[in-house]
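These notes are about the structure you will find just below.
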Amino acid sequence: MTRTGLVLILAAALSPLASPALSISNRYRSPRNPERKVRASTELIVLHTTEAPARSSLNKISERGEAHFCVTEEGQVYAIVDRDREAFHAGRSMWKGKEDVDKFSIGIECVGHHDKPMGLVQLVAIRNLVQHLQDMYRIPDDRVVCHSHVAYGSPNKWQKRKHRGRKRCGMLFAMPSVRRILQLKARPAFDVDTRVGRLAIGDPYLQGVLYGRTDTMVGKYPAQKPAVAKTVVPAKPSDKKAAAASPPPSSGAPTSVAHLKARGYVQKGVVSPTMSASKIAGGKWNAPDTYYTIRNKVFPGNAIDESRIEKGMCIWMKK
């Protein structure tokens, strides 16, 4: 599997919560990655808290392949397991009657604790990563959940039934004040599995955080919204006149063929069954200054997995 790189350019908005471009490092790529199955579907993004410092957490997560990504307190994102493969992050878990959430979810470990506020730099990095994955897999806001939403426990001497409340991991990501920073406008309204009786409520306090009004992070963050950090969508064909009226940006990532041409890029070839990306671009097929275009979208070379390069993609390089 090839190197996974990603650069998300923040919108040019002045805000105290704006951050520099978000990059993803492969330093802690898991040795378990090649042996993990490719998921059949992606229905959830599950946010975790490590409950331990960054270095020990990263070493453990990497060694065992226990997440797809890990975000540190400094806002650095590490890729652990390929995002289309299964990472063993959810453990004993259930979502709307479906067990083994690992099989249909992406897991993001965030260095920190379930009951302590995270810094804005880290939250902005989490937000940018989550939004990118939401766009890629078409995941709505109410399917960005925390580990507590899906983990459940087996019967024991305290609980006679299977029950929700085995973990409070990631609990703060269910709180409205934190979800506002993450720009998530919805959250799960109720627990289907406890409502229909598949699980019992094992932790009433946690239930109040996940689905009620309990929010211990109120007042911990400024009310001002952070700058939006989504990839810029190229103009639709119907918007060509409007796009032509404004000059291409001189900085930041190009977002259209017009921008590529204006910066001196030329089309080197088109991917086909007989013409691979490496044949067209050589060793620079996955370089950050090599670009792919298809269906009015632009992708830098270091943001594309080899498995996602498809027939019809045009490859652009400097003259």
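No lab work stands behind these numbers, since they all come straight from the coordinates. Predicted, not measured: the structure shown is a model, and the values here were computed from it. Note that we place each Cβ from the backbone using ideal geometry, even for glycine, and neighbour counts take in every protein chain shown.
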| remark: Any aspartates and glutamates whose Cα falls less than 16 Å from that of K157, other than same-chain ones fewer than 8 residues away, would be D203
| remark: Expressed in angstrom and rounded, the centroid-to-centroid distance over alpha carbons for the stretch 57-77 and the stretch 34-53 is 11 Å
| remark: Listed by chain and number, the residues whose amide H is under 5 Å from that of I24, excluding neighbours fewer than 5 places away on the same chain and using placed H, are L6
| remark: Of all DSSP beta bridges with both partners in the stretch 7-211, the antiparallel percent, nearest 5, is 40 percent
| said: Run the simple label-point estimate for K319 and D100 please: 7 Å along Cα→C-beta, distance reported in nm. | reply: 5.6 nm
| message | With the cut-off at 30 Å, tell me which of the pairs K60/K103; K103/K185; K37/K160; K103/K220 have Cα atoms farther apart than that. | response | K37/K160; K103/K220
| Packing-based exposure ordering (other Cβ within 10 Å, fewest first) of F173, F299 | F299, F173
